[in-house]
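S.K.: So that we are looking at the same thing, I have put the structure below in structure tokens.
The values are calculated or read from the model by the stated rules, or taken from the named source; none is laboratory data. From a predicted model like this one, the values you see are computed outputs, not experimental measurements. Don't worry about glycine lacking a Cβ; one is built from the backbone with ideal geometry, like all the others, and counts go over all protein chains shown.
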Amino acid sequence: MNNPPNLGQLGNSGTEYTLEELALHTKSITRLTMDFGINTCKLCKVKDQSEWQVTEFDDSWSFLCGACGLKLSEKLNKNE
């Protein structure tokens, strides 16, 4: 499938990161307020209820489970 030139890639880019690596690539992290269903967590790869969305500096985004989202959020807050 060919994407139109201005359409960015949605979802998981396929790149595997550790928590530290993802923190270095994170532009923003948002706690979800709507139900986005069951998705695969970018960090731990568990299929679970999505609780967080992480956006990287290249504007790609992925979902995180509750535990991984909390860990990333706390790590980013420590680095501020």
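S.K.: Using beta carbons and a limit of 9 Å, which pairs, at least six apart or on different chains, have the first residue in the stretch 17-39 and farther than 13 Å from residue 56 by Cβ and the second one among the hydroxyl-bearing types (Ser, Thr, Tyr) and not in a strand (DSSP E or B)?
M.R.: Correct list of pairs: 31/73; 32/50; 35/50; 36/50; 37/50; 38/50; 39/50.
S.K.: With the checklist (1) at pLDDT below 95; (2) touching a strand residue (DSSP E or B) at 6+ places or on another chain (Cβ under 9 Å) in hand, flag the one item residue 77 doesn't pass.
M.R.: Of (1) at pLDDT below 95; (2) touching a strand residue (DSSP E or B) at 6+ places or on another chain (Cβ under 9 Å), only one is false for residue 77: (2).
S.K.: Out of all the residues in the stretch 39-78, which are over 20 Å from residue 16 (Cβ atoms) and surrounded by fewer than 13 Cβ atoms within 10 Å (Cβ to Cβ)?
M.R.: 74, 77, 78 - these are the residues of the stretch 39-78 that are over 20 Å from residue 16 (Cβ atoms) and surrounded by fewer than 13 Cβ atoms within 10 Å (Cβ to Cβ).
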